[in-house]
Amino acid sequence: MLTISRIEGQRLELSIETLDLFAIVKQVYDTLKVKADEKKITFTLVPYPEKLTISGDKDKLSEVIENIVGNALKYTPENGRISIHFTLDKNTTGVHVSDTGHGISQEDLSKLFQKFGRLSDAKISKTPGTGLGLYITKQIVELHKGTIAVQSEVGKGSTFSIFLPILEATFV
């Protein structure tokens, strides 16, 4: 709740530094791989051939990635799949987390990033949660001058995409 009050009061301070986005995502991947293995979920991180240098708050961006991947783990059934891959255009890098979970209805997509927004689907609504994670995630992404988007189909899964301004992309 402290994070929400700081965000809404525009008092959330970011410790901005130059970061390797892949390294941040890899650290979260390594941490959550154990949970994926426990659920027998195939969890893949697709390396990107270039170093994706961004400007941001390492801890806050780790929180964003951890929340998105954590939700994918929460809503993907046993023997499902989760993958993380990257895209790059002239000014923006994208981190895309795709899963074979339950998917999200069009009705629920509209309230997904709202404060206390919980999904109405009976399978999903019984899953514990506050309805604050994606709200906070969106606010943090926007503080980094980025955007977040979701594509989903009920019964097929979802892809959450985070787009952030890039400082530089260099081949590794």
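Values in this text are rule-based calculations from the coordinates and carry no lab data. The shown structure was predicted, so the numbers you read here are calculated from the model rather than taken from an experiment. Note that each Cβ is placed from the backbone with ideal geometry, even for glycine, and that neighbours are counted across all protein chains shown.
Spelling out what I want: for every residue of segment 27-38, take phi, set θ = phi - 60°, compute 6.51 cos²θ - 1.76 cosθ + 1.60 (Karplus), and round to whole Hz; glycine and proline get x.
Values per residue, Gly and Pro as x: 4, 5, 4, 4, 5, 8, 4, 4, 5, 5, 4, 4 Hz.
Regarding segment 18-111, what whole-number volume in Å³ per residue does the convex hull of its Cα atoms give?
110 Å³
Using Cα positions and a limit of under 24 Å, work out the lysines in reach of residue 156, with same-chain residues fewer than 8 apart set aside.
Result set, ordered by chain and number: 33, 35, 39, 40, 74, 111, 123, 126, 138.
How would you order 61-68, 108-115 from highest to lowest mean count of nearby Cβ atoms within 10 Å?
On the way: 61-68: 22.0, 108-115: 15.5.
Per-residue mean Cβ counts within 10 Å order the peptides as 61-68, 108-115.
Which order, highest average first, do 98-105, 23-30 follow once you tally other Cβ atoms within 10 Å for each residue and take the mean per peptide?
The densest-packed peptide leads the list: 98-105, 23-30.
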